[in-house]
Amino acid sequence: MRAWILISFVVAAVCSYAQSTGPFCSVPAGGAPMPHYFYSTNNHISGNAMVGPPDERGPRYFVYACLKVGGNIVDEYIHILGEPQPMSIGGAATFDSTVFGNGTQLVVRFEVVDSYGVVYEAQDSAPVKNKIGLAQVDEWNGFVIWDAIQQTREAFDNLGWEIVELSHGSWDPSDLSVTFGGSGLYHISTHGFPDRHLSDSWDDVFPNMPPFPSYSIWREQFNGVGYPPHNWTFMPPVTMAFLDCCWTGETDAFWWMLWPWRTTYSEMPENMCLLTYNGSIAISYHPWAARRIFGRMREGDTAGLAREYFLDKNEQAFDAQQYGEVVFVVRSLNPTTWDAVRSSDMPLYGDPYTRLRWVYTGTHELAEEIWYR
């Protein structure tokens with residue numbers, strides 16, 4: 001049973017005629033606005049209540065309370081005889097919305113019972129919006145050793161996400177903005193440079209996404225002004241972006257992909273990260289990164305742990321000369337020198353504790369309840 005925050009309490013034996021400003025019951029607590037959506041693994045819910053005024057029987061207090069999301073109890077209070085008698089009480093929880101499936105209208109409900117058996121209840125709801133955007137140049141599609149986004153798609157298949165793929169020939173930045181609007185996970189597998197990544201429109205002299213610093217403007221166009229989860233477009237920000245392109249990690253220019261990196265709950269930059277490459281990556285066998293990283297994140301690993309897992313396995317395969325399972329970086333062109341991608345070749349910008357499954361904890365450890373805490 002989780003610990004509850006008792007907003008205030010009275011002991012009847014001491015204050016037998018205590019007054020109340022209730023009754024009321026509220027979701028979210030204090031009459032705060034409901035978020036426009038639930039998304040990813042770091043959703044906050046709350047409720048609070050106050051008992052009604054005393055009558056000839058004396059003051060009231062709460063004997064039971066529970067906070068529910070999707071019909072599941074995620075916080076609970078049961079009064080124990082002899083302990084303080086709360087006249088006001090509140091509950092809160094953080095949960096992973098991905099367990100409910102994209103498009104679910106998720107109800108948050110707060111129920112309390114006072115010492116005279118009176119039930120107080122309140123509820124509100126918001127839709128679940130969990131979307132994955134995948135983009136890849138057409139030339140790599142369908143090839144086992146080149147098709148990286150297939151690994152991501154397979155890792156998150158059957159988990160209730162909406163998965164949108166952009167891999168037809170000649171897609172451009174406007175196509176990408178539609179595909180990735182509202183996506184909590186990006187995987188972009190294209191050619192890249194330190195200040196841009198390319199689209200598939202080869203016939204147009206490598207048109208590129210807006211380079212730094214205008215990437216934030218591009219993001220704002222479909223994620224909206226204002227901090228999530230109350231931004232005016234009702235579209236979530238990015239939890240994790242894997243920019244699977246050469247050289248895009250040489251600077252922090254693409255950190256703007258995660259904009260806005262603050263929420264109305266003053267999280268900055270909680271549960272948001274960018275993973276990319278700082279070097280020239282060989283096209284052959286690069287899907288191994290997605291397979292290892294997102295395979296681990298499917299099981300609940302943080303981005304930091306999944307990255308470490310990939311790097312360890314990549315180096316082991318290289319040392320064992322299992323070259324068909326290695327993601328290579330080109331160290332030099334004259335003479336051409338190949339090496340395994342190592343830690344300095346794959347920077348992680350943002351929060352290493354980012355999760356795509358199971359509740360965000362701010363550590364590498366899973367929560368006891370796994371999908372809520």
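If SER88 satisfies every condition in (1) within 21 Å of the chain's Cα centre (by Cα); (2) farther than 19 Å from ARG291 by Cα but one, which is the exception?
(1) is the only condition that SER88 fails.
Determine whether ALA282 is of a type outside the set (Lys, Arg), in contact with a helix residue (DSSP H, G or I) (Cβ under 9 Å, 6 or more places away or on another chain) and within 21 Å of GLN151 (Cα to Cα).
Judged against the criteria, ALA282 is not a match.
Looking at the stretch 142-151, which of the residues that are in contact with a strand residue (DSSP E or B) (Cβ under 8 Å, 6 or more places away or on another chain) and among the aliphatic types (A, V, I, L, M) is farthest from ALA289 (Cα to Cα)?
ILE149
Cβ-Cβ under 8 Å, sequence separation 6+ or interchain: first residue in the stretch 144-158 and within 19 Å of HIS191 (Cβ to Cβ), partner modelled with pLDDT of 95 or more and of a type in the set (Val, Ile, Thr). Which pairs?
Cβ pairs passing all conditions: THR152/ILE132.
Could you check the stretch 301-326 and list, in sequence order, the residues that are surrounded by fewer than 22 Cβ atoms within 10 Å (Cβ to Cβ), touching a Phe, Trp or Tyr at 6+ places or on another chain (Cβ under 7 Å) and over 16 Å from ALA148 (Cα atoms)?
Of everything in the stretch 301-326, just one residue is surrounded by fewer than 22 Cβ atoms within 10 Å (Cβ to Cβ), touching a Phe, Trp or Tyr at 6+ places or on another chain (Cβ under 7 Å) and over 16 Å from ALA148 (Cα atoms), namely GLY304.
What residue, of GLU154, GLU139, GLU111, is acidic (Asp, Glu) and in contact with a strand residue (DSSP E or B) (Cβ under 8 Å, 6 or more places away or on another chain)?
When all the criteria are applied, what remains is GLU111.
Looking only at the stretch 327-367, filter to residues that are exposed (fewer than 13 other Cβ atoms within 10 Å of the Cβ) and not assigned by TED's automatic domain parsing to the domain that holds ILE145; which one of those is farthest from the chain's Cα centre (by Cα)?
GLU365
Being assigned to a helix (DSSP H, G or I) and either closer than 16 Å to TYR349 by Cβ or touching a residue at least 60 places away in the same chain (Cβ under 8 Å) (or both) is the filter here, so list the residues in the stretch 289-307 that pass it.
Hits for the stretch 289-307 are ALA289, ALA290, ARG291, ILE293, PHE294, GLY295, MET297, ARG298, ALA303, GLY304, ALA306, ARG307.
Of everything in the stretch 316-354, what is assigned to a strand (DSSP E or B) and without any contact (Cβ under 8 Å) to a residue 60 or more places away in the chain? Give them in sequence order.
PHE328, VAL329, VAL330, ARG331, SER332, LEU333, THR336, THR337, TRP338, ASP339, ALA340
Here are the criteria: (1) surrounded by 16 or more Cβ atoms within 10 Å (Cβ to Cβ); (2) at pLDDT below 70; (3) in a loop (DSSP other than H, G, I, E, B); (4) not acidic (Asp, Glu). Tell me which single one PRO213 does not satisfy.
It is condition (1) that PRO213 fails.
Assess whether TRP288 counts as being in contact with an Asp or Glu (Cβ under 6 Å, 6 or more places away or on another chain) and either outside the structural domain of SER183 (by TED's automatic domain parsing) or buried (at least 18 other Cβ atoms within 10 Å of the Cβ) (or both).
yes
Take the residues of the stretch 140-183 that are surrounded by fewer than 18 Cβ atoms within 10 Å (Cβ to Cβ) and of a type in the set (Ser, Thr, Tyr): which is nearest to ALA306 (Cα to Cα)?
Across the stretch 140-183, the extreme among qualifying residues is SER177.
Give the stretch 120-145 a look and list any residue that's of a type in the set (Phe, Trp, Tyr) and either within 19 Å of the chain's Cα centre (by Cα) or modelled with pLDDT of 95 or more (or both), or say none.
The answer is TYR120, and nothing else.
Please work out if GLU111 is surrounded by fewer than 16 Cβ atoms within 10 Å (Cβ to Cβ), in a strand (DSSP E or B), touching a Phe, Trp or Tyr at 6+ places or on another chain (Cβ under 8 Å) and not hydroxyl-bearing (Ser, Thr, Tyr).
Spelling it out, it is not the case that GLU111 is surrounded by fewer than 16 Cβ atoms within 10 Å (Cβ to Cβ), in a strand (DSSP E or B), touching a Phe, Trp or Tyr at 6+ places or on another chain (Cβ under 8 Å) and not hydroxyl-bearing (Ser, Thr, Tyr).
The values are calculated or read from the model by the stated rules, or taken from the named source; none is laboratory data. Please read these numbers as outputs of a predicted model, since none were measured by experiment. Ideal geometry is used to build each Cβ from the backbone, glycine not excepted, and the neighbour counts take in all protein chains shown.
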